[in-house]
Structure formats: structure tokens, C-alpha cells
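Data first, discussion second: the structure below is written as C-alpha cells.
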Amino acid sequence: MRIVLTAAFILSMATTNTYAAEQVADSTTTTTTTDINALKTQNELLQQRSRFTTGSVAMILGIVALLAFLAFNGRWTRRLEIKNQQLQRERNVVVAQNKQLAIERDRAEAASRAKTSFIQSMTHEIRTPLNAISGFTQVLTMPGVEISEEERVNCCKSIEDNTRLLTKILDDLIFMSDMESDSELPTPEPCLGAAMVEQALDATSQLVHEGVKLVPKCCIPEEQIIHTYPRMIQTILTKLLDNAAKFTTQGSITLSLAQEGDQLHYSVVDTGPGIPADKKDLIFKRFTKLDSFAQGAGLGLTIGRMIAERMGGSLTLDTNYTGGSKFDLIIPVHNS
């Protein structure tokens, strides 16, 4: 009986141990599966984290590369802008220099044309009186040629007239050269305005055609003293009256003077052929002659305007006057 009980106990213990072993085995298997799953989950998490980290690093590197590119591109863009600005400034300088060179070229060409015109004009204007002087002198000094007293007087008068014309041309050229090189004005002098009118007419009286009257018209008191530039004014009036005497063959030449505020207003009015209104500016240019057969170099009006402007005044043609020609000379009066 003990043996049976012992065998039963041993069998029971064996069964219990077997069950326990199976439980342990089952528990171990469950634990291993859990660990594997946990490891898998952890591995997946690690892979996700690795992918996230890799993506983040790639993104950061991309951002850094983009920022570096933008910074590099900005620097180059700025450099290009600076270079473009420098090139634009240099281009503007070159354009300005080209314009200045074009202006200087035009001035040089104009000066060359003026020089050529001057030489041609002077050659003609100087040669004409010289030929006359030479021709009449040969007539007077040619041996064996007998001429009457009247013809001799006429030859002498022609020589005298052409000598005076030649001297006048040379004087005008020298005067123009002095005016262009000297910009200083003399000191204003006291003078009688009425006396200046009479002096100018007296200087022209021998040049007028027969039957032409010289008419003075002074609208200021004869004893009134004015402070101005009498010699320069006298030169202008002489030029204007010489032109009037040259082209006025009948009628009259009137020289008038009036004071308008702090200005003197001289007018030279003639009854000659007149000057077209569209030539009012042309006649004041150098060597300009509306009548190419008239004596003179075409410098009188040019010199007159130069002197007037030097004194702070003006010399103009009155285009509203239709009875001939009318020139207005406006000169400021200086206080004593």
C-alpha cells in the first residue's frame, strides 16, 4: 500500500513538475514573443526616427544650401548691380564726351567756314579799293598821257574815296579784334546829349546823296549833361548814319534822341529802300550784305550791336516802320 501511495505521490509530483515545466515553457515562449514584438516595435521606431532624422538633416542641409545660394547669389547680384552702375556711369561719361566732341567739332567746322568766308570777303573787299587806287594812280602817273583838269580831279577823288574805304575796312577789323579781346568798359564820362547828335550828323554830312536832308531831333534839353560812353555811342551812330547815307538817295535821314527813365533812346530813320522783316537778325551777322554790289565789308551793324551790348544796351531794327529803315539804340544812363 505504501508502495502504491509512494508511486502515486511520485506520479503526482511528476505530473505537477511537468505542468509547471509546461507553464514555465509557455511563460518563456510568451515572454520571448513579447520581447520580439517589443524589439520589432522599437526597431520600427528607430527606423522611423532614423528616417525622420535623415529627412531633417537633409532638410536642414537643403535650407543651409538654399541660404548659402541666396547669400552667394545676392552678393553676385549686388556686384553685378555695382558693375552695371559703373558701366552706366562710364557710358554716360562717354556719351557726354561724345556730345562735347560733337559740339567742338561743329564749332571747329563753323570756325573753319567763318575763316573761309572771312578770307573770301576780305579778299574781295580789300582788292576792290586797291584795284581802284592802283588804276587811277597809273592813269595819273602814266607818261605821255594827257588828261584834263576835271578828269584829274575825278581820279584824285576816286583815289581818296577808295583809300578812305580801305582804311575804314581795316579799322573795323582792328576794332572788332579789340572788342573781342578786351572786355573792360571805360569809365562813363559826362557829355551833352544834344551835342552828340550834332556831331554825328556833321560827320556824315559829306557822305549823303545830293538832295537828302539830315534832320536832328533832340527831345532833351541842350544843356542837359548825361553820364555815358560818348565815344562808343558816337561810333555806333556813325555806323548807322553811314549805312543810311549809302542807301538813301532821296528824302531824309533823321537822328533823334530821347531819354526814357534811366535809358537813352537813339533812333536813325531814313527813307531808303528799307530792310525786309525776315532779315532783321541776318543783317547783324558778320560780312552780311543784302546788296552784294554795295561798298563795305558788312561789318558796320555787327560792330554797332557788339558795342551796344558791351555797354549793357541793345541795337535793333524796327520792323514796324515801313517808310524805309529805322534802327533803335537803347543805352543805359549812369549816375554821376
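Every read-out reported here was derived from the displayed coordinates using simple, explicitly stated rules and does not represent laboratory data. Nothing here was measured: the structure is a model prediction, and the numbers come from that model. Positions of Cβ are backbone-derived with ideal geometry, glycine not excepted, and every protein chain shown enters the neighbour counts.
Return one quarter of the surface area of the convex hull spanned by the alpha-carbon atoms of segment 186-332, equal to its mean projected area, in nm². For segment 186-332, the mean projected area of the Cα convex hull comes to 8.5 nm². Of all lysines in the structure, those lying under 25 Å Cα to Cα from residue 279, and not within fewer than 8 positions of it along the same chain, are 115, 168, 239, 246, 289, 326.
Given a Förster distance of 56 Å, report the FRET efficiency between residue 128 and residue 99 from their Cβ-Cβ distance, rounded to the nearest 0.05.
On the way: r = 43 Å, r/R0 = 0.77.
So the FRET efficiency works out to roughly 0.85.
May I ask you to compute the full-extension gain from residue 145 to residue 44, defined as 0.36 nm times their residue separation minus their alpha-carbon distance, rounded to one decimal in nm?
Values: separation 101, 0.36 × 101 = 36.36 nm, distance 14.44 nm.
Once the chain is fully extended between residue 145 and residue 44, it gains 21.9 nm.
Basic side chains Lys and Arg get +1 at the Cβ, acidic Asp and Glu get -1 at the Cβ, and with that the dipole of the chain about its Cα centre reaches some 2560 debye.
Can you tell me the dipole magnitude for segment 258-333 around its Cα centre, using point charges on the Cβ only (Lys, Arg +1; Asp, Glu -1), in Debye to the nearest 20?
Details: 8 positive and 9 negative charges, 71 e Å.
The calculation lands at about 340 debye.
Cα centroids of segment 201-215 and segment 82-125: 48 Å apart.
To the nearest 20 Debye, how big is the dipole of segment 69-189 about its Cα centre, given +1 on the beta carbon of each Lys and Arg and -1 on that of each Asp and Glu? If you can, show how the numbers build up before the last one.
Details: 16 positive and 19 negative charges, 382 e Å.
So the magnitude is around 1840 debye.
Annotation for residue 262 and residue 277: the two label points, set 7 Å from Cα along the Cα-Cβ direction, are 3.4 nm apart.
At most 14 other Cβ atoms within 10 Å and a DSSP loop assignment: could you name the GluC sites (Glu not before Pro) in segment 192-224 that fit? Working shown, then result.
Numbers: sites: 198, 210, 222, 223; in loops: 210, 222, 223.
When the GluC sites (Glu not before Pro) of segment 192-224 are filtered for loop state and at most 14 Cβ neighbours within 10 Å, 210, 222, 223 remain.
Toward the positive end of the charge dipole of the chain, with +1 on the Cβ of Lys and Arg and -1 on the Cβ of Asp and Glu, the farthest Cα among 112, 156, 94 is that of 94.
In deg cm²/dmol, rounded to 500, what helix-only [θ] at 222 nm does the chain give when every DSSP H run of at least 4 residues adds -39500 (n - 2.57) and the total is split over its residues?
-23500 deg cm²/dmol, from helical runs alone.
When only Cα pairs below 8 angstrom with a gap of at least 6 residues are kept, segment 109-220 shows a relative contact order of 23 percent. Normalised Debye scattering of the chain at q = 0.08, 0.09 Å⁻¹ gives log10 I(q)/I(0) of -0.64, -0.72, counting only Cα atoms as equal scatterers and leaving out solvent.
Tell me which GluC sites (Glu not before Pro) from segment 66-153 have a DSSP coil assignment and no more than 15 other beta carbons within 10 Å of their own.
Working: sites: 81, 90, 104, 109, 125, 146, 149, 150, 151; in loops: 146.
Passing sites in segment 66-153 are 146.
Positive-end ranking of 220, 325, 300 along the dipole of segment 186-332, with charges on Cβ about the Cα centre, is headed by 300.
Residues 318, 242, ranked from the fewest to the most other C-beta atoms within 10 Å, line up as 318, 242. The gain in end-to-end length when the residue 86 to residue 234 segment is fully stretched comes to 47.4 nm, 0.36 nm per residue minus the alpha carbon separation.
In this rough spin-label picture, where each label sits 7 Å from Cα along the Cβ direction, the residue 222-residue 170 distance is 4.0 nm.
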